[in-house]
1. How would you order 148-159, 32-43 from highest to lowest mean count of nearby Cβ atoms within 10 Å?
2. Let me confirm the definition first: pairs of Lys residues in region 102-216, 8 or more apart or on different chains, C-alpha distance under 14 Å. How many are there?
3. What does the helix-only formula give at 222 nm for the chain: each DSSP H stretch with n ≥ 4 adding -39500 (n - 2.57), the total divided by the residues, and the result rounded to the nearest 500 deg cm²/dmol?
4. Where nothing but the Cβ of Lys and Arg (+1) and of Asp and Glu (-1) is charged, how large is the charge dipole of the chain around its Cα centre, in debye to the nearest 20?
5. Return the tail of the calculated pair distribution for the chain, meaning the percent of Cα-Cα pairs more than 28 Å apart.
6. With every protein chain left in place, what is the accessible area per residue of region 33-133 in square angstrom, probe 1.4 Å?
7. Looking at region 24-77, which trypsin sites (Lys or Arg not before Pro) are in a loop (DSSP not H, G, I, E or B) and have at most 15 other Cβ atoms within 10 Å?
8. Does region 122-216 come out rounded, prolate or oblate, given a ≥ b ≥ c as the square roots of the eigenvalues of its C-alpha gyration tensor, rounded meaning a/c under 1.5 and, failing that, prolate meaning a/b above b/c?
Amino acid sequence: MSVKDQKIDKSKESEKLAEIAKLIFKAEEIHEEYDEIATTDLEKLYTVNGINDTEKGKAKYTYFQLYDYFAELYSRFILSTMANYSTRTQESEIEYINILLEDGSFIILEGEEDRVVIPHPKALASTHTHPNICLFSHKDLETADQLFIKDYIAVGVLTTKCLLLLYRRGVYTLEDREILLKLVKNIKKSKTAEEVIKSYNETKFAQLSFRLVQFA
(Lines give C-alpha, C1' and ligand atoms only; values in the text may rest on other atoms or scores of the structure.)
Protein backbone atom coordinates (compact mmCIF):
# COMPACT_ATOMS: atom_id res chain seq x y z
CA MET A 1 0.00 0.00 0.00
CA SER A 2 1.50 3.32 -1.06
CA VAL A 3 1.53 6.39 1.17
CA LYS A 4 -0.45 9.29 -0.25
CA ASP A 5 1.38 12.52 -0.94
CA GLN A 6 0.67 15.37 1.46
CA LYS A 7 2.28 18.72 2.15
CA ILE A 8 1.72 21.73 4.39
CA ASP A 9 3.59 24.96 3.72
CA LYS A 10 3.41 28.75 3.81
CA SER A 11 4.68 31.40 1.41
CA LYS A 12 4.66 35.17 0.99
CA GLU A 13 1.87 34.73 -1.57
CA SER A 14 -0.29 32.63 0.73
CA GLU A 15 0.26 35.01 3.66
CA LYS A 16 -0.68 37.98 1.46
CA LEU A 17 -3.90 36.20 0.45
CA ALA A 18 -4.74 35.65 4.12
CA GLU A 19 -4.25 39.38 4.77
CA ILE A 20 -6.59 40.30 1.90
CA ALA A 21 -9.17 37.81 3.16
CA LYS A 22 -9.12 39.46 6.61
CA LEU A 23 -9.90 42.79 4.97
CA ILE A 24 -12.76 41.20 3.02
CA PHE A 25 -14.32 39.59 6.08
CA LYS A 26 -14.02 42.77 8.14
CA ALA A 27 -15.53 44.86 5.32
CA GLU A 28 -18.44 42.41 4.99
CA GLU A 29 -19.06 42.68 8.72
CA ILE A 30 -19.02 46.48 8.61
CA HIS A 31 -21.38 46.49 5.63
CA GLU A 32 -23.82 44.20 7.41
CA GLU A 33 -23.68 45.76 10.88
CA TYR A 34 -23.24 49.45 10.04
CA ASP A 35 -24.61 49.59 6.48
CA GLU A 36 -21.41 51.32 5.39
CA ILE A 37 -19.37 50.33 2.34
CA ALA A 38 -15.74 50.47 3.44
CA THR A 39 -13.12 51.69 0.98
CA THR A 40 -9.60 50.35 0.50
CA ASP A 41 -6.17 51.04 -0.95
CA LEU A 42 -5.77 47.24 -1.20
CA GLU A 43 -3.67 47.33 1.98
CA LYS A 44 -6.03 48.78 4.59
CA LEU A 45 -9.74 49.49 5.09
CA TYR A 46 -11.16 52.99 5.51
CA THR A 47 -14.49 54.13 6.95
CA VAL A 48 -15.89 57.59 7.60
CA ASN A 49 -15.45 57.37 11.36
CA GLY A 50 -12.76 54.69 11.58
CA ILE A 51 -15.07 52.02 12.96
CA ASN A 52 -13.85 48.49 13.82
CA ASP A 53 -10.17 49.49 13.83
CA THR A 54 -10.27 50.79 10.25
CA GLU A 55 -8.50 53.91 9.04
CA LYS A 56 -10.53 57.09 9.18
CA GLY A 57 -11.28 58.56 5.77
CA LYS A 58 -11.87 57.35 2.24
CA ALA A 59 -9.62 55.39 -0.14
CA LYS A 60 -9.65 54.95 -3.92
CA TYR A 61 -11.61 51.68 -4.17
CA THR A 62 -14.68 50.21 -2.53
CA TYR A 63 -13.96 46.98 -0.69
CA PHE A 64 -15.61 45.00 -3.51
CA GLN A 65 -12.35 45.46 -5.45
CA LEU A 66 -10.69 43.18 -2.90
CA TYR A 67 -12.50 40.11 -4.26
CA ASP A 68 -11.04 40.60 -7.74
CA TYR A 69 -7.64 41.36 -6.20
CA PHE A 70 -7.83 38.13 -4.20
CA ALA A 71 -8.79 36.15 -7.32
CA GLU A 72 -5.90 37.63 -9.30
CA LEU A 73 -3.28 36.87 -6.65
CA TYR A 74 -4.81 33.48 -5.87
CA SER A 75 -4.54 32.50 -9.54
CA ARG A 76 -0.80 33.25 -9.48
CA PHE A 77 -0.43 31.37 -6.20
CA ILE A 78 -2.13 28.26 -7.58
CA LEU A 79 -0.02 28.27 -10.74
CA SER A 80 3.19 28.58 -8.72
CA THR A 81 2.31 25.84 -6.22
CA MET A 82 0.26 23.36 -8.27
CA ALA A 83 1.75 23.29 -11.79
CA ASN A 84 3.74 20.11 -11.14
CA TYR A 85 0.70 18.46 -9.56
CA SER A 86 -1.42 19.18 -12.62
CA THR A 87 1.25 17.45 -14.70
CA ARG A 88 1.10 14.44 -12.39
CA THR A 89 -2.66 14.34 -12.79
CA GLN A 90 -2.36 14.55 -16.57
CA GLU A 91 -0.06 11.51 -16.50
CA SER A 92 -1.77 9.37 -13.86
CA GLU A 93 -5.34 10.81 -13.50
CA ILE A 94 -4.69 10.97 -9.74
CA GLU A 95 -6.08 14.31 -8.56
CA TYR A 96 -4.56 16.68 -5.99
CA ILE A 97 -6.10 19.47 -3.94
CA ASN A 98 -4.72 22.70 -2.49
CA ILE A 99 -6.56 24.23 0.49
CA LEU A 100 -5.57 27.74 1.58
CA LEU A 101 -6.09 28.15 5.33
CA GLU A 102 -7.00 31.27 7.27
CA ASP A 103 -3.54 31.68 8.80
CA GLY A 104 -1.89 31.83 5.37
CA SER A 105 -0.62 28.26 5.32
CA PHE A 106 -1.77 25.80 2.68
CA ILE A 107 -2.25 22.05 2.45
CA ILE A 108 -1.73 19.91 -0.65
CA LEU A 109 -3.27 16.44 -0.54
CA GLU A 110 -3.31 13.50 -2.95
CA GLY A 111 -6.70 12.09 -3.84
CA GLU A 112 -7.84 9.18 -5.98
CA GLU A 113 -8.09 8.57 -9.68
CA ASP A 114 -10.48 11.18 -11.11
CA ARG A 115 -11.52 12.51 -7.70
CA VAL A 116 -10.50 14.08 -4.42
CA VAL A 117 -12.88 13.40 -1.54
CA ILE A 118 -12.00 15.04 1.78
CA PRO A 119 -13.84 16.88 4.56
CA HIS A 120 -13.00 20.54 3.92
CA PRO A 121 -11.85 22.53 6.97
CA LYS A 122 -12.75 26.17 7.56
CA ALA A 123 -10.51 27.93 5.06
CA LEU A 124 -10.26 30.63 2.38
CA ALA A 125 -10.04 28.78 -0.93
CA SER A 126 -9.73 25.35 -2.51
CA THR A 127 -8.47 24.20 -5.92
CA HIS A 128 -8.05 20.68 -7.25
CA THR A 129 -6.50 19.27 -10.41
CA HIS A 130 -8.30 17.66 -13.35
CA PRO A 131 -6.62 15.45 -15.97
CA ASN A 132 -8.16 17.07 -19.05
CA ILE A 133 -11.18 19.34 -18.88
CA CYS A 134 -10.88 22.72 -17.17
CA LEU A 135 -14.51 22.76 -16.04
CA PHE A 136 -16.26 21.99 -12.77
CA SER A 137 -18.25 18.77 -12.64
CA HIS A 138 -21.69 18.89 -11.07
CA LYS A 139 -20.19 17.33 -7.92
CA ASP A 140 -17.48 20.01 -7.86
CA LEU A 141 -20.19 22.70 -7.97
CA GLU A 142 -22.17 21.00 -5.21
CA THR A 143 -19.00 21.13 -3.11
CA ALA A 144 -18.48 24.77 -4.09
CA ASP A 145 -21.95 25.58 -2.80
CA GLN A 146 -21.10 24.11 0.59
CA LEU A 147 -17.75 25.90 0.69
CA PHE A 148 -19.31 29.29 -0.10
CA ILE A 149 -21.73 28.67 2.76
CA LYS A 150 -18.61 28.23 4.92
CA ASP A 151 -17.38 31.65 3.66
CA TYR A 152 -14.74 30.36 1.23
CA ILE A 153 -13.81 33.12 -1.20
CA ALA A 154 -12.80 30.96 -4.18
CA VAL A 155 -12.84 27.43 -5.55
CA GLY A 156 -10.94 26.28 -8.60
CA VAL A 157 -10.13 23.55 -11.10
CA LEU A 158 -6.65 23.28 -12.62
CA THR A 159 -5.30 21.37 -15.64
CA THR A 160 -1.98 21.62 -17.49
CA LYS A 161 -3.61 24.14 -19.83
CA CYS A 162 -5.83 26.35 -17.72
CA LEU A 163 -7.25 27.36 -14.37
CA LEU A 164 -10.94 28.04 -13.84
CA LEU A 165 -11.98 29.86 -10.67
CA LEU A 166 -15.41 30.51 -9.26
CA TYR A 167 -15.14 33.22 -6.64
CA ARG A 168 -17.26 35.51 -4.54
CA ARG A 169 -17.58 39.22 -5.34
CA GLY A 170 -19.76 39.83 -2.30
CA VAL A 171 -21.54 37.73 0.30
CA TYR A 172 -23.01 34.43 -0.88
CA THR A 173 -26.69 35.18 -1.37
CA LEU A 174 -29.71 32.91 -1.61
CA GLU A 175 -30.18 34.19 -5.18
CA ASP A 176 -26.70 33.07 -6.23
CA ARG A 177 -27.12 29.76 -4.43
CA GLU A 178 -30.28 29.06 -6.43
CA ILE A 179 -28.49 29.94 -9.68
CA LEU A 180 -25.52 27.73 -8.78
CA LEU A 181 -27.73 24.77 -7.90
CA LYS A 182 -29.63 25.25 -11.16
CA LEU A 183 -26.28 25.03 -12.99
CA VAL A 184 -25.57 21.82 -11.08
CA LYS A 185 -28.84 20.32 -12.35
CA ASN A 186 -28.20 21.44 -15.92
CA ILE A 187 -24.70 19.97 -15.97
CA LYS A 188 -25.90 16.74 -14.39
CA LYS A 189 -28.45 16.18 -17.16
CA SER A 190 -26.15 17.32 -19.99
CA LYS A 191 -25.16 14.56 -22.42
CA THR A 192 -22.46 16.36 -24.44
CA ALA A 193 -19.62 18.80 -23.80
CA GLU A 194 -21.47 21.35 -25.91
CA GLU A 195 -24.48 21.16 -23.60
CA VAL A 196 -22.23 21.64 -20.55
CA ILE A 197 -20.55 24.70 -22.06
CA LYS A 198 -23.96 26.10 -23.05
CA SER A 199 -25.10 25.77 -19.42
CA TYR A 200 -22.03 27.67 -18.25
CA ASN A 201 -22.50 30.43 -20.82
CA GLU A 202 -26.17 30.90 -19.90
CA THR A 203 -25.43 31.22 -16.17
CA LYS A 204 -25.41 34.77 -14.82
CA PHE A 205 -24.64 35.31 -11.15
CA ALA A 206 -25.20 38.40 -9.04
CA GLN A 207 -22.17 38.15 -6.74
CA LEU A 208 -20.24 35.14 -8.02
CA SER A 209 -17.88 35.25 -10.98
CA PHE A 210 -15.86 32.85 -13.14
CA ARG A 211 -12.22 33.62 -13.91
CA LEU A 212 -10.47 31.62 -16.63
CA VAL A 213 -6.67 31.71 -16.90
CA GLN A 214 -5.17 29.97 -19.94
CA PHE A 215 -1.43 29.37 -20.00
CA ALA A 216 -0.77 26.70 -22.65
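The values are calculated or read from the model by the stated rules, or taken from the named source; none is laboratory data. All values reported here derive from a predicted model rather than from experimental measurement. Methodologically, a virtual Cβ is constructed for each residue, glycine included, from the backbone with ideal geometry; neighbour enumeration extends over all protein chains shown. In case anyone asks, the SASA skips ligands and DNA or RNA and just uses the protein heavy atoms, side chains included. Shrake-Rupley method; radii C 1.70, N 1.55, O 1.52, S 1.80 Å.
1. On the way: 148-159: 21.5, 32-43: 14.9.
By packing density, highest mean first, the sequence is 148-159, 32-43.
2. 10
3. Values: 5 runs with 88 residues, N = 216.
Estimated from H runs of four or more residues: -13500 deg cm²/dmol.
4. Values: 29 positive and 36 negative charges, 90 e Å.
Roughly 440 debye, rounded to the nearest 20.
5. Values: 7015 of 23220 pairs.
Taking all Cα-Cα pairs of the chain, the fraction more than 28 Å apart is 30 percent.
6. Averaged over the residues of region 33-133, the accessible area is 49 Å².
7. Working: sites: 26, 44, 56, 58, 60, 76; in loops: 44, 58, 60.
Those that pass, being in a loop and sparsely packed, are 44, 58, 60.
8. Working: a/c = 1.69, a/b = 1.14, b/c = 1.48.
Here region 122-216 falls in the oblate category.
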